[in-house]
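Quick notes on the structure that follows.
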Amino acid sequence: MTGPTLSNTQARRLFLDRHALTDAPHGSAKGPELLSLIERLGFVQLDSINTVARAHDLILFARKSQYKPQHLKKLFEGDRALFEHWTHDAAIIPLGYYPYWQMRRDQDAERLRKQWQNGRREGFEEQFQAVLEHIRTHGACGSSDVGKGEKRGSGGWWDWHPSKTALEYLWRSGEICVVGREGFQKRYDLTERVLNDALCDPAQAPSVEATVEWCCNGALDRLGFATHSEIAAFWGHIRPAAARAWCSAELKAGRIVEVQITGADGQTRAAFARPDVQDDPALNTKPTNRLRVLSPFDPALRDRKRAQRLFGFSYRIEVFVPEPKRIYGYYVFPILQGDQIVGRVDMKAFRDRDTLVVRALWPEPGIKWGKGRIAAFEAELQRLTQLAGVSKFEFGDGWLRGSAQHQFG
């Protein structure tokens, strides 16, 4: 079946609705309401960088301004309503989805064993039983609690002693679970002590076919429209060929249609959507004009190519770019207002000074930053101070860059 062409405005509205960015970020941000938000998104990516707030906290705060990091900690560590594993990166995921990660755990068990055997992590397999026995005897532990005296690597990513590597492998393959973090260091416990038998028994997990079906349906529903490659990439553990086959079968059965999505440059591109996409209320729902700062790892922007096609927003995180070669800054935050990315900001919370400092802001091309938008930005900064753990914000010298600085320099 061939479906409609969505204008760029309609496509943006549908996409933002699916990512919970249409409504103003009000309402409860704890317990069932927080879990419902994470289920709507599918997962929330974790990241350790804390220049303002960690990625997972900013992702949730952008959608629920009453959110506080302790709300996620309670939902994860206290209520056990979430688990941690990998999608395209480490993520917090609703516990009800755990069975659909069995395929990923099986894949990781095979892939990581081969990869790490050939990657200067000698001896980690010999530590499996010792690590499991330590946890069984002493309870949940972190990497600093095991492998004392073991030789470490040469630094960086490979600076792992064999027992730490064993912990990571046993977690990724399913024998242990992450049950919390101290600072940002993971703590692990035996899966059998954390989850009920029905969840942790691999024999009761969905089949590969059922997992692919669940992943593809869930990805398309959370994206609004997508190519088979985007569907495959959403959760990060099915192959593009499997998503392509699913799309072909669903298209033939009439459960999806091919649509044309108009990009920011006016060009159209084929994608798949539900047959009733043209009747979706989101197409005619104007997003809130509330300005909000997004994490570089926000799910709406994670797919950089999609963000560029849809919003005309080109973004590269420059954490690993040498400072002299950076175009913007170490960790720069996109700014969303309505259905537009209106700028990007380099800022950092100096907690010893109790201040959030805006070092530079770059308006996006063609976006005017007048007094109203700057006032909206200042209101967002004031809200962010609470999440950043400071009480005030200030602007550095020459903070407004580009053409806007001539108006408000």
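The values are calculated or read from the model by the stated rules, or taken from the named source; none is laboratory data. These figures come from a predicted structure and were not determined experimentally. Neighbour counts run over all protein chains shown; Cβ positions are idealised from the backbone, glycine included. Heads up: the accessible areas ignore ligands, DNA and RNA and are worked out on the full protein's heavy atoms, side chains in. Shrake-Rupley method; radii C 1.70, N 1.55, O 1.52, S 1.80 Å.
Here are the numbers for this structure:
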read-out	value
Where a residue in the stretch 167-196 is part of a strand (DSSP E or B) and its partner, wherever it lies, is of a type in the set (Lys, Arg), with Cβ under 6 Å and at least six apart	VAL178/LYS186; VAL179/ARG187; GLY180/ARG187
Number of the condition not met by GLU33 [criteria: (1) among the acidic types (Asp, Glu); (2) open to solvent by 40 Å² or more (accessible area, probe 1.4 Å); (3) not in a helix (DSSP H, G or I)]	(3)
Matching residues in the stretch 288-319 - criterion: being under 22 Å from LEU60 (Cβ atoms), outside any loop (DSSP other than H, G, I, E, B) and either open to solvent by 30 Å² or more (accessible area, probe 1.4 Å) or touching a Pro at 6+ places or on another chain (Cβ under 6 Å) (or both)	ARG304
Matching residues in the stretch 20-30 - criterion: being open to solvent by less than 20 Å² (accessible area, probe 1.4 Å) and either in contact with a helix residue (DSSP H, G or I) (Cβ under 8 Å, 6 or more places away or on another chain) or without any contact (Cβ under 8 Å) to a residue 12 or more places away in the chain (or both)	ALA20, THR22, PRO25, ALA29
Every residue from the stretch 246-279 that is assigned to a helix (DSSP H, G or I) and either among the charged types (D, E, K, R) or without any contact (Cβ under 8 Å) to a residue 40 or more places away in the chain (or both)	TRP246, CYS247, SER248, ALA249, GLU250, LYS252, ALA253, ASP279
Conditions (1) of a type in the set (Phe, Trp, Tyr); (2) open to solvent by 40 Å² or more (accessible area, probe 1.4 Å); (3) under 18 Å from the mean Cα position of the chain (by Cα); number of the one not met by TRP214	(3)
The stretch 320-349 residues that are free of Cβ contacts under 8 Å to residues at least 24 places away in the same chain, paired with ones that are assigned to a strand (DSSP E or B) (beta carbon under 6 Å, 6 or more apart)	ASP346/VAL332; ASP346/ARG359; ASP346/ALA360
Search result, residues across the stretch 329-351 that are within 16 Å of GLY398 (Cα to Cα), open to solvent by less than 10 Å² (accessible area, probe 1.4 Å), in contact with a Lys or Arg (Cβ under 8 Å, 6 or more places away or on another chain) and not hydrophobic (A, V, I, L, M, F, W, C)	GLY329
Selected residue (criterion: least open to solvent (accessible area, probe 1.4 Å)) from residues of the stretch 65-84 that are in a loop (DSSP other than H, G, I, E, B) and under 30 Å from ILE238 (Cβ atoms)	ALA81
Residue satisfying condition, being more than 19 Å from SER65 (Cβ to Cβ) and part of a helix (DSSP H, G or I), within set GLY398, GLY372	GLY372
The stretch 197-209 - residue that is more than 26 Å from ASP79 (Cα to Cα) and without any contact (Cβ under 8 Å) to a residue 40 or more places away in the chain and, of those, least open to solvent (accessible area, probe 1.4 Å)	SER207
Sole exception among (1) more than 22 Å from ALA210 (Cα to Cα); (2) touching a Phe, Trp or Tyr at 6+ places or on another chain (Cβ under 9 Å) for SER314, by number	(2)
Verdict on ASP17 being out of contact with any Cys (no Cβ under 7 Å at 6 or more places or on another chain) and open to solvent by 50 Å² or more (accessible area, probe 1.4 Å)	no
Hits in the stretch 85-101 - residues which are surrounded by fewer than 21 Cβ atoms within 10 Å (Cβ to Cβ), small (Gly, Ala, Ser) and under 9 Å from the mean Cα position of the chain (by Cα)	ALA90
Top-ranked residue in the stretch 320-358 [being part of a strand (DSSP E or B) and of a type in the set (D, E, K, R); ranked as nearest to TRP369 (Cα to Cα)]	ARG344
Some residue of the stretch 129-137 being open to solvent by 40 Å² or more (accessible area, probe 1.4 Å) and outside any helix (DSSP H, G or I)	no
Odd one out for ILE93 among (1) over 17 Å from ILE59 (Cα atoms); (2) in contact with a Ser or Thr (Cβ under 9 Å, 6 or more places away or on another chain)	(1)
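This table checks each residue for (1) open to solvent by 60 Å² or more (accessible area, probe 1.4 Å); (2) over 21 Å from the mean Cα position of the chain (by Cα); (3) modelled with pLDDT under 95.
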{"site": "ALA232", "(1), (2), (3)": "no, no, no"}
{"site": "PRO240", "(1), (2), (3)": "yes, no, no"}
{"site": "LYS252", "(1), (2), (3)": "yes, yes, no"}
{"site": "VAL259", "(1), (2), (3)": "no, yes, no"}
